[in-house]
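For reference, the structure discussed in these notes is given below.
The values are calculated or read from the model by the stated rules, or taken from the named source; none is laboratory data. Computed from a predicted structure; not experimentally measured. Here the Cβ positions follow ideal geometry from the backbone for every residue, glycine too, while neighbour counts run over all protein chains shown.
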Amino acid sequence: MARMSVREAISQALREEMYRDERVFIMGEEIGKWGGTYAVTRGFLDEFGEKRVRDTPIAESVIVGAAIGAAIAGLRPVAELMTINFAFLALDQIVNHAAKMHYMFNGQIKVPLVIRTVGGGGRQLGATHSQTPDVIFAHFPGLKVVAPGTPADAKGLLKAAIRDEDPVFFIEHATLYQAKGEVPDDEDFLVPIGVSDVKRAGGDVTIVSYSKMLQVALEAAEKLAGEGIQAEVVDLRTLRPLDIGPVIDSVKKTNRVVVVEEGWRSFGVGAEVASRVAELAFDYLDAPVRRVAQAEVPLPYNQRLEQLALPQTADVINAVKDVLYLK
Amino acid sequence: MAELINMPKLGFDMQEGKLGEWVKAAGDSIGQGEIIAIIETDKASVEVPAFRGGVLLEILVQTGESVPIGAPIAVIGEAGETVDLVALGVGRVEAEAKVKAKAEVEAKAEAEGEEERGAVAEGGRLLASPVAARMAGELGIDLRKVQGTGPAGRVIKHDIETYLARQERAAKAAKAAPPSPPMPIPSYEPAGAGYQAIPLAGIRQTIGRRMVESKQQAPHFYITMEIDMAAAMALRSQLNALLPEDGKISVNDLIVKAAAVALKQFPNINASFAGDEIRIHEQINIGIAVARETGLVTTVIRDCDIKPLAQIAAEARELVGRARDGRMRPDDMVGGTFTISNLGMFGVDDFIAIINPPQAAILAVGAVQQAAVVRDGQLAVGTRMKATISADHRVTDGAEAARFMQAFQAALEQPLRLVL
């Protein structure tokens, strides 16, 4: 075990996989000479050379399209999109090609591609650069969508994504790079894609979350424990394929659910989880499932307004008390 | 300005209050907080202080009257002020109407049994969370009887748990409380002034409770059969000639064995009613009703189908002896699956007995007597005994009980069956 940040964990995962498998290479805007907008790939150009660390034009469609071609041809590309907001420019490549080629060519083609990208608000980057549209990508069958909330999961999931035979959309969070945690040293440490994880055990209420909001949920759980409320925190880690099992097990124990997501409420992760809970654990519910999500506005630039629009620890605590009928 | 004083809510479950006493009279000056009246609730007498100072202008509810909480009971205001009840929004007529309506609702609720408290939304749908509804279903709880504390009175898991805890406490309290006879108390006084009062001893209380329970809950039906006892009596004489004085076989022993033989053939009679199921017992344990000064007890002989007649006789002698002497052991009284009550020694022709719950049946046996019988078209003297089974219709039906009685009759009329 070593204590490191999410940034270091992702960097380490990339480096280990590039040493392990020479087919693995990285490409994206300013990842080489500049070392990546979030400094994840700093030093990689010197370490691995231009062949395996490729700076690309500012053209997301080209980045993903070229990566798809390389993947089909037998390489293991890790394409970086500077932010998830720019992924919309490559949406056709992602959802119509990467996600569907294996199916449309009757399984003759595999697309072992990883698209690394960065989402999330809270850094005063304005409405177009602060979005958390994770569910858009999770909507498409054929694509795996992963969004870790801890350094260990970031490393283990990225390594698993690179070794996966299918396209994986890997969403990092802009405000999580500094978050620190224990990460196993083992070079073959993998976190399986599509497996939810109970990050904190408790019997009174189930808080379902992932990515940055996992940290918010854990903070809320800590404060709630001070009031004698034991929250169980389930980390989805993967949005597609969604592993609802641990959520259902938890609900059967607690009878109450709060889903915390950074994206907008409508048609979101909370809606999906609530629906599955209703389908699979209806008879165990003691209160309607509560969703804590971003206010349904373009995210404000103003710092205070931005924080007001994003889910905060207090919002989670309030929602928990709501489902416990404590208000 | 004149203001209404309303019936205060003095307890969580208070619905209405009775005006016990007016401490102040109309026209009296009152300081704020001064006691103006005493209200009687179901539980206590409570003083009502004035919420403001002034003059008690008018009393709207007289001593002894009951009104629902919130109903106006008096008007307070300034000296000399005229009271306009209509302007105050309430009249005595309305208050009276409220009381009447309330009384009707309560009478109805009482008639329907327990008060219904769960939240009922528009359209008559009961509000309960899914888990609360499921728990109620599994535990057999009527959701209408659970107080809902969720939004709009929704019954939530916590409410079910609270309800269960309360039931449990109530059950414990009922157990802990000194046994009081839940028998209906006669509403008349015995004729004449002189009588001797005998406190209801424990055993009489138990008999009373169990017999009332049986008669109220078990639908009894009765089948009487006349049995030719000549052969049985002859066999008994033969057997007793071989047995020592303290090992003789009684008529009752024959009856017990005959019942066991018949029960073996009709296991549905060797049963008990357990609410949602009928329990067919593997053992045939026959209880014998033993009369005592203090009251009836039943002593149980186990495995009567397996034990030979002589052993049944020996055990019966021992058990009945212990019962009569008041030396019964706890085991002597429990585990019965069928009961025989024999009043033959009193010369009784026949009678019917009350089922000993939860058993399915009881057999009442009269005396073995000489009787005029018709045999081959000729009047003759026979030896006869009448037996009547009382059976619980929830467990068995007439035809089955009749066939059981035939088997019982056959066992006694061909008594070698009893010693096989």
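Filter segment B:150-160 down to residues that are in a loop (DSSP other than H, G, I, E, B) and facing another protein chain (nearest Cβ under 7 Å) and give me whichever is nearest to B:Ser129 (Cα to Cα).
Initially, segment B:150-160 is screened for residues in a loop (DSSP other than H, G, I, E, B), giving B:150, B:154, B:156.
Cutting the leftovers down to facing another protein chain (nearest Cβ under 7 Å) gives us B:150, B:156.
Values: B:Gly150: 9, B:Ile156: 5 Å.
Looking at the filtered set, the residue picked out is B:Ile156.
In the set (1) out of contact with any helix residue (DSSP H, G or I) (no Cβ under 6 Å at 6 or more places or on another chain); (2) away from every other protein chain (no Cβ under 14 Å); (3) over 30 Å from A:Val191 (Cα atoms); (4) of a type outside the set (Ser, Thr, Tyr), the condition left unmet by A:Leu299 is number (1).
Here is the figure for segment A:77-99: residues that are assigned to a helix (DSSP H, G or I), among the polar types (S, T, N, Q) and surrounded by 15 or more Cβ atoms within 10 Å (Cβ to Cβ) total 2. For B:Gln370, the stated conditions do not hold, so it cannot be described as modelled with pLDDT of 95 or more and over 18 Å from B:Ala289 (Cα atoms).
Residues checked against (1) among the charged types (D, E, K, R); (2) in contact (Cβ under 8 Å) with a residue 12 or more places away in the chain; (3) under 26 Å from A:Gly74 (Cβ atoms):
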site: A:Ala138; (1), (2), (3): no, yes, no
site: A:Leu143; (1), (2), (3): no, yes, yes
site: A:Pro151; (1), (2), (3): no, yes, no
site: A:Lys155; (1), (2), (3): yes, yes, yes
site: A:Lys180; (1), (2), (3): yes, yes, no
site: A:Pro192; (1), (2), (3): no, yes, yes
site: A:Lys199; (1), (2), (3): yes, yes, no
site: A:Ala220; (1), (2), (3): no, yes, no
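Determine, yes or no, whether A:Gly32 is more than 23 Å from A:Val146 (Cα to Cα) and either outside the structural domain of A:Gly156 (by TED's automatic domain parsing) or surrounded by 18 or more Cβ atoms within 10 Å (Cβ to Cβ) (or both). In short, yes. Just so you know, in segment A:100-134 the residues that are surrounded by fewer than 16 Cβ atoms within 10 Å (Cβ to Cβ), small (Gly, Ala, Ser) and part of a loop (DSSP other than H, G, I, E, B) include one that is nearest to the chain's Cα centre (by Cα), and it is A:Gly126. Taken together, the residues in segment A:226-279 that are surrounded by 20 or more Cβ atoms within 10 Å (Cβ to Cβ) and among the polar types (S, T, N, Q) amount to 4.
Quick one: how many residues across segment A:44-71 are surrounded by fewer than 17 Cβ atoms within 10 Å (Cβ to Cβ) and either on the phi > 0 side of the Ramachandran plot or not in a helix (DSSP H, G or I) (or both)? Break it down into steps so the answer makes sense when it comes.
As a first pass, look at segment A:44-71 and keep what is surrounded by fewer than 17 Cβ atoms within 10 Å (Cβ to Cβ): A:46-47, A:49-51, A:55, A:57-59, A:61-62, A:69.
Now drop any that are not either on the phi > 0 side of the Ramachandran plot or not in a helix (DSSP H, G or I) (or both), which leaves A:49-51, A:55, A:57-59.
Selection size over segment A:44-71: 7.
Conditions (1) among the charged types (D, E, K, R); (2) touching a residue at least 12 places away in the same chain (Cβ under 8 Å); (3) in contact with a strand residue (DSSP E or B) (Cβ under 7 Å, 6 or more places away or on another chain), marked per residue:
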position: B:Val381; (1), (2), (3): no, no, yes
position: B:Lys386; (1), (2), (3): yes, yes, yes
position: B:Asp397; (1), (2), (3): yes, no, no
position: B:Ala401; (1), (2), (3): no, yes, yes
position: B:Gln406; (1), (2), (3): no, yes, no
position: B:Pro415; (1), (2), (3): no, yes, no
position: B:Leu420; (1), (2), (3): no, no, no
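Applying the criterion of being assigned to a loop (DSSP other than H, G, I, E, B) and either out of contact with any helix residue (DSSP H, G or I) (no Cβ under 9 Å at 6 or more places or on another chain) or at negative phi (or both) to the residues of segment A:307-327, the residue that is farthest from the other protein chains (Cβ to nearest Cβ) is A:Leu310.
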